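Single-structure report; data block below.
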Amino acid sequence: MPADQALNAHDFAPLMAAERDRLRMFEILEAEANSIRERDRVLIKGLFQNFYGKRLNVGIGFQRAYGAILSGDYFDLIHLPDGNYLFIFADMSGHGLPAYTNLVRLRAAITISVGEARKIYEQSGFVDPDYLVKNISMKFIDIMEVVNSHDFGCVLFTFIYNEGDKFHLKFFNRSMLFPVIVRKFRNEVVNLYNLNIEEKGWCPRKGNLLSSDVYAILGDKYFEMPSCEFTLYEGDSILYFSDGIIEAYDNERQTGEYGMDRTLAFLAEHMHLMPQLIVQELFESVYRHIGNPVSQKDDMTAVLIDFPRVI
C-alpha cells in the first residue's frame with residue numbers, strides 16, 4: 001500500500017469515538033430498563049402485600065433473550081379507582097431496543113387511559129373494563145400510526161374482583177397466552193387448569209393482537225374484544241408466563257420446545273415451594289432443557305401469584 005494511503009490510529013479515531021458513544025447509549029438504556037423493571041417488581045410485590053386487605057405471595061422472574069440489552073416483555077398491577085385491580089401482562093414483537101420502544105408506547109397508552117378512567121370514575125362512580133381496554137387499544141394504535149410502526153403487541157388484561165374467599169377474573173385477551181391456574185388442598189395440587197385450552201366448562205376467547213396493520217384491515221371490528229371469566233379461590237395460584245418459556249429449545253441438541261406439558265408437570269411437582277423460589281426453579285429447568293444460555297432466543301417472563309388459604 002502506498003505511504004499516502006496508509007492507515008493509522010488517527011483514521012480510526014472517529015469510528016472508535018462513535019462506537020464508544022453507541023456503547024454508552026446502550027449502557028444508559030440498559031441501566032434505565034433494569035431500574036424500571038426492578039422498581040415495577042418492588043411496587044407490584046408491595047401492592048400484593050395489601051390486596052383487598054389480604055397478604056398475597058408473589059414470585060417474579062424475567063430474563064432477556066441472550067445478547068439482548070432490552071426486553072419487550074411487560075407486566076403491571078394497577079389499583080383502579082373503584083378499589084379493584086387490573087393486571088396487565090404483555091409481550092411486544094421483536095427483541096432489544098425496538099421491542100422496548102414499543103413497550104414504552106404501550107405503557108404511555110395505559111397511563112393516559114387509566115388517568116382518563118379516574119376522571120370518569122369521579123363523575124360516574126363506575127369503571128367500565130370494556131371501555132378501558134378499548135381506550136388503551138385505541139391509544140396504542142394512534143401512537144403506532146404516528147410513528148408508522150408495523151410492530152405489534154400481545155397483551156392480556158385481567159380485571160380482578162374480590163368477593164369473600166373468591167376472586168373473579170375477567171380476561172380481555174389480545175393474542176397473549178392465558179395463565180395456568182393451580183388448585184390446591186392442604187398444600188397438595190388437586191387440579192391444573194391450562195386456560196389456553198377449552199376444558200371443564202372453560203372456553204378461552206381471544207381478540208386480535210394490538211397492531212395498526214390489523215386495524216387497517218379490520219377497521220372498527222378490530223375493537224370488538226371478547227371477554228371470558230374465571231373464579232379463583234383462596235388457596236389457588238395463578239402463573240402468567242411469556243411464550244419465551246414454553247417455546248425455549250436447543251437447536252443443536254434437537255431437544256424440542258420446553259412446552260406446556262413440561263410446564264404443567266413442573267408446577268405439579270414444585271407447588272409446595274414459595275412462589276419466588278418456584279419461578280427461579282422454573283427458569284433453571286428451562287435452562288437445563290436448552291443446555292446453553294446462548295440458545296435462549298426470546299425473552300422469558302413469569303409472574304406467579306399465590307392466594308393463601310385463610311385458616
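Read-outs throughout are calculated quantities, based only on the coordinates presented, and are distinct from any laboratory measurement. Values in this document were obtained by computation on a predicted structure and should not be read as measured data. All Cβ positions, even for glycine, are placed from backbone atoms using ideal geometry, and neighbour counts span all protein chains on display.
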Among 144-150, 229-235, 67-73, the order from most to least packed when residues are scored by Cβ within 10 Å on average: 67-73, 229-235, 144-150
Exceeding 26 Å between C-alpha atoms, which entries from my cross-link table qualify? They are K166/K200; K45/K221; K134/K206; K134/K170. K45/K221
Using the Cα atoms of segment 27-306, I'd like the radius of gyration and the largest Cα-Cα distance, Dmax, both in angstrom. 18.5, 60
Around Y121: net Lys/Arg minus Asp/Glu count, Cβ-Cβ under 14 Å: -2
Taking C203, C154, C228 and counting other beta carbon atoms within 10 angstrom, the fewest-first order is C203, C228, C154
